[in-house]
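Undergrad: Before I ask anything, here is the structure I am working with.
The values are calculated or read from the model by the stated rules, or taken from the named source; none is laboratory data. For clarity, every value in this text was computed on a predicted model and none was experimentally measured. Because the Cβ atoms are built from the backbone with ideal geometry, glycine has one as well, and the counts that use them run over all protein chains shown.
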Amino acid sequence: MENDSSKSREGVPKVFGLKEVSKHSSSDSSWIVIQDNVYDVTKFLNKHPGGEDVLLEQAGMDATESFHIVGHSMDAQEMMEEYWIGELSEEDKKSKKDAESTKACATSSNLPDQHTSWQTWVVVVGMVCMTFIFCWYKYRPM
């Protein structure tokens, strides 16, 4: 179902920035972003199977990750079309992708380095001890 109020006169989807979306975070006006699409879920709050609070926690924000973690059915995904009001601005799409890639790099690079560093020290200390013991037995005076 297409929402006529979400399109401009030319039939082009309205574009919203995250700043505008963040203004709609109450039960009077609840907007969420899922996969760069903006939805006005105000009328759906009392119909949501998980309860009103679940949507209000995500209202005014990008709820893509939470939406996918829950694993919504195809029916739920189709039902979203009714509440679609526009798209996220290109600027916010880009900044969101930059933040995600920075987060992914930081997460993937920190833990393995710490673990590898610890293992390296164990190997080095072990090799030094083995060399010391070998030399002591081989070159000790008789």
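Undergrad: Working only within the range 44-83, note down all residues that are hydrophobic (A, V, I, L, M, F, W, C) and farther than 13 Å from residue 31 by Cβ.
TA: Matches in the range 44-83: 54, 67, 69, 70, 74, 76, 79.
Undergrad: Testing residue 92 on (1) part of a helix (DSSP H, G or I); (2) out of contact with any Gly (no Cβ under 7 Å at 6 or more places or on another chain); (3) in contact (Cβ under 8 Å) with a residue 60 or more places away in the chain, one condition comes back false. Which one is that?
TA: In the conditions (1) part of a helix (DSSP H, G or I); (2) out of contact with any Gly (no Cβ under 7 Å at 6 or more places or on another chain); (3) in contact (Cβ under 8 Å) with a residue 60 or more places away in the chain, residue 92 misses (2) alone.
Undergrad: Go through the range 27-63 and give me each residue that's of a type in the set (A, V, I, L, M) and either in a loop (DSSP other than H, G, I, E, B) or outside the structural domain of residue 80 (by TED's automatic domain parsing) (or both).
TA: 41, 59, 61, 63
Undergrad: Filter the range 8-41 down to the residues that are under 18 Å from residue 56 (Cβ atoms) and over 23 Å from the mean Cα position of the chain (by Cα), then identify the one that is modelled with the lowest pLDDT.
TA: 27
Undergrad: Go through (1) more than 13 Å from the chain's Cα centre (by Cα); (2) of a type outside the set (Ser, Thr, Tyr); (3) at pLDDT 90 or above for residue 92 and report which single condition fails.
TA: The single condition residue 92 does not satisfy is (3).
Undergrad: Quick check, is residue 103 out of contact with any helix residue (DSSP H, G or I) (no Cβ under 6 Å at 6 or more places or on another chain), under 17 Å from residue 31 (Cβ atoms) and modelled with pLDDT under 90?
TA: no
Undergrad: Related question: When you scan the range 72-86, do you find a residue that is at pLDDT below 80, farther than 25 Å from residue 17 by Cβ and assigned to a helix (DSSP H, G or I), even just one?
TA: No, that holds for no residue.
Undergrad: Enumerate the pairs (first residue in the range 53-82 and without any contact (Cβ under 8 Å) to a residue 24 or more places away in the chain and surrounded by 12 or more Cβ atoms within 10 Å (Cβ to Cβ); second residue anywhere and of a type outside the set (S, T, N, Q) and outside any helix (DSSP H, G or I)) with beta-carbon separation below 7 Å, excluding pairs fewer than 6 apart on the same chain, so at least 6 apart or on different chains.
TA: If the second residue must be of a type outside the set (S, T, N, Q) and outside any helix (DSSP H, G or I), the pairs left are 54/48.
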